[in-house]
Amino acid sequence: MIRQPRNATNRLLLGATGLVLLAAGVWTATASDRLAARMPSWWPLPHDPLLDRTRMTELRDHSWWTPTVMAVGAVVTVGLILWWLAQLAVRRPSRLALAAPDSHLHSTALADTLSRRAETIDGVTRSRARLARHRGRIHVQLQVRIEPGSNPRTVLQHVNNLISEAQAAAVPHDLTVQVRVHSTHHRAAHVH
């Protein structure tokens, strides 16, 4: 649920920008002189520049023009940079409400527990779990590194049992887990 408002805002902003650009394009492509004659005098005609040299000179003569243009440009630039940075932010659920009243589970505790429990499985040398929330579901990415010679099928059976326990602990949340298994390679001995 954390990412849905951001997605909705993005879609609204993209849709509004698209509609404005579409209207401007239609106006530029289809406006005729008869239609232009009915518009107010301040409305720009399709074949006229928005600001000609005389109008720019008149605006520059006002003391408010330059600071206003600079302030609007700065605000728009900072707003777009903040919006862009917000898109990069990975939002992880910090506390998950559980089915029992007044009970919560910290997402870092769940990730740490999954990592530690996976490392206790025979054949696993290292494990790392990362949590993220998307559309009301909790996604766990579990990376498991197994020892050379270990049977991956046996390791995955134990990991599957661990995932079942984690899903039961996270009720009422829907927990989906993606497991990536990597193997540790033997390093050949170097002869000097």
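Taken together, the values in this text are just the output of simple stated rules run on the coordinates, not laboratory data. None of the values given here were measured: they were computed from a predicted structure. When we count neighbours, we look across all protein chains shown, and the Cβ atoms used for this are built from the backbone with ideal geometry, even at glycine.
A few remarks follow.
- Hz values of 3J(HN,Hα) by residue in the stretch 164-170 - Karplus curve (6.51, -1.76, 1.60), Gly and Pro given as x: 4, 5, 5, 5, 5, 6, 8
- Using 0.36 nm per residue and subtracting the Cα-Cα separation, the extra length available between THR113 and THR54 on full extension is 14.2 nm.
- Estimated FRET transfer efficiency (LEU22, ASP61; beta-carbon r; R0 30 Å; 0.05): 0.25
- Label-point gap, in nm, between LEU156 and THR9 - each point 7 angstrom along Cα→Cβ: 4.1 nm
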